Structure formats: structure tokens, C-alpha cells
Ligand SMILES: Cc1cc2nc3c(=O)[nH]c(=O)nc-3n(C[C@H](O)[C@H](O)[C@H](O)COP(=O)(O)O)c2cc1C
């Protein structure tokens, strides 16, 4: 499917069928999410894939009445690291050095620069920065899903604390930021008939 056709085909699905996505499809969506760019390549986030009907049911009370959390095939939980500190940044660049076959410490100067920039932010600013990064990954996930004709609904309407408790995220050093239900649109989904509404192109894109 061509890219603009896919982006017009997709919409935020409100009601899913009971079709289950294959492991292969999920693996491809996970990989597309993993390949997302992030500032300095730091990837201050992780992805949790919920397939278990029992866990989806446990999440439902914290989903603000959004039953698609239960009814989708897979629920992707995009989480951010709760700790972004010098150690995290150093570990990232040590990983880059190993992956690129560089000597240990080859990136020490750049690592210091990144620490200076990042660690001048407050804890709140760092968490907001991490959320910004994970939303880029969400965008990649949505576009990839559309290209593969997998239906999706991104969601910020859920109680983060309830989700974090059910999923044991604090113990993993993570907290939920945004979620995405994936599966197949139900024939009865009323949203499928709604016209896509966006700013008119001339209001949206300004050329100077
Ligand atoms: C970050 C984010 C959070 C969203 N949260 C919800 C949500 O909680 N529930 C929902 O039904 N739709 C949610 N949406 C879907 C939007 O309402 C939808 O994308 C928007 O109205 C544009 O419509 P379309 O995606 O169908 O083209 C969210 C979208 C984004 C990007």
C-alpha cells in the first residue's frame, strides 16, 4: 500500500474484531518501534506487549471505560525510564562503542557533552523529554501498522498509576506513557465511517 493511501486508510479504531494478529506481524511492529530515532540515540523507553487476556482484563478498570484495551488483539504499552542519570548515559555510549567496534572511552568527550546537556534538566523536564521521545516511536508504530493494514488506536486516556501497578512497571524502572491497541477493526465500528478531519493544507503548512 502506498504511504498516503495507508495514512488515509488508518483511523483510531474504537471497536476491534476478535481476530488475533500473528506473532510474525507483532514481531515486525515491535521491530519498527525499536528502530525509531531518539535524541542522541538514548532510547529512554521500553515497550511492553500485552497479549494475555487475563492481564488485559486486569487493566480494564484503569482504561477509563475504553473496552478496546480488552478487545484488541495486542496492547502495546510504551513506557519511559524513571531514571535518566549519568550512569544511563554512560551505559548507552559504552554500548555504542561496543556495537561499532570502537575502543572503550572513544566517545568519552561526546558522552560528557550529552551528560552536561541532559543532566542540566530537572527531573520533570527529563521525564517530559522521555515522553516526547517515546511519542516518536508511537508515530513509527502507527505508520508501520497502517502500511501493513493492521488497525490501531493510540491512547492517552488511561490511569497511568493503575496500569503501572498491574504491570509491575516500577520494579522495572519504568512508567507507562502512552498505549496502543492493535488488531482488526470490527465491522460495527462506527468510527470507520467518520470523515478524517485535519487542518486544511494551506493552514497547516506555511512556506516562507
Ligand atoms: C497521543 C494520542 C492519544 C490518544 N488517545 C486516545 C484515547 O485515549 N482514546 C481514543 O479513542 N483515541 C485516542 N487517540 C486517537 C485520536 O483521537 C485520533 O487519532 C484523532 O482524533 C485523529 O483521528 P484519526 O486517528 O482517526 O485519523 C489518541 C491519539 C493520540 C495520537
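The values are calculated or read from the model by the stated rules, or taken from the named source; none is laboratory data. Small disclaimer: the values here were computed from a predicted structure and weren't measured. Here the Cβ positions follow ideal geometry from the backbone for every residue, glycine too, while neighbour counts run over all protein chains shown.
Looking at the stretch 73-80, can you tell me whether even one residue there is part of a helix (DSSP H, G or I), touching a residue at least 40 places away in the same chain (Cβ under 8 Å) and under 29 Å from residue 147 (Cα atoms)? No: zero hits. Tell me whether the stretch 58-66 contains one or more residues that are surrounded by fewer than 12 Cβ atoms within 10 Å (Cβ to Cβ), without any contact (Cβ under 8 Å) to a residue 24 or more places away in the chain and within 24 Å of the chain's Cα centre (by Cα). Within the stretch 58-66 (the criterion being surrounded by fewer than 12 Cβ atoms within 10 Å (Cβ to Cβ), without any contact (Cβ under 8 Å) to a residue 24 or more places away in the chain and within 24 Å of the chain's Cα centre (by Cα)), the answer is yes, since at least one residue qualifies. Taken together, 177, 146, 152 contain a single residue that is within 25 Å of residue 58 (Cα to Cα), over 11 Å from the mean Cα position of the chain (by Cα), buried (at least 20 other Cβ atoms within 10 Å of the Cβ) and within 16 Å of the ligand (Cβ to nearest atom), which is 152. Evaluated against (1) within 26 Å of residue 55 (Cα to Cα); (2) in contact with a helix residue (DSSP H, G or I) (Cβ under 8 Å, 6 or more places away or on another chain); (3) free of Cβ contacts under 8 Å to residues at least 40 places away in the same chain, residue 165 falls short on exactly one condition, (2). Using the structure shown, decide if residue 130 is away from the ligand (no atom under 14 Å from the Cβ) and surrounded by fewer than 17 Cβ atoms within 10 Å (Cβ to Cβ). No, not satisfied. Inspect all residues belonging to the stretch 76-85 and state whether any of them is modelled with pLDDT of 95 or more, more than 15 Å from the ligand (Cβ to nearest atom) and within 22 Å of residue 194 (Cβ to Cβ). Checking the stretch 76-85: not a single residue is modelled with pLDDT of 95 or more, more than 15 Å from the ligand (Cβ to nearest atom) and within 22 Å of residue 194 (Cβ to Cβ).
Within the stretch 163-171, identify whether any single residue is within 18 Å of the chain's Cα centre (by Cα), under 24 Å from residue 133 (Cβ atoms), within 16 Å of the ligand (Cβ to nearest atom) and not in a helix (DSSP H, G or I), and answer yes or no. Taking every residue of the stretch 163-171 in turn, none turns out to be within 18 Å of the chain's Cα centre (by Cα), under 24 Å from residue 133 (Cβ atoms), within 16 Å of the ligand (Cβ to nearest atom) and not in a helix (DSSP H, G or I).
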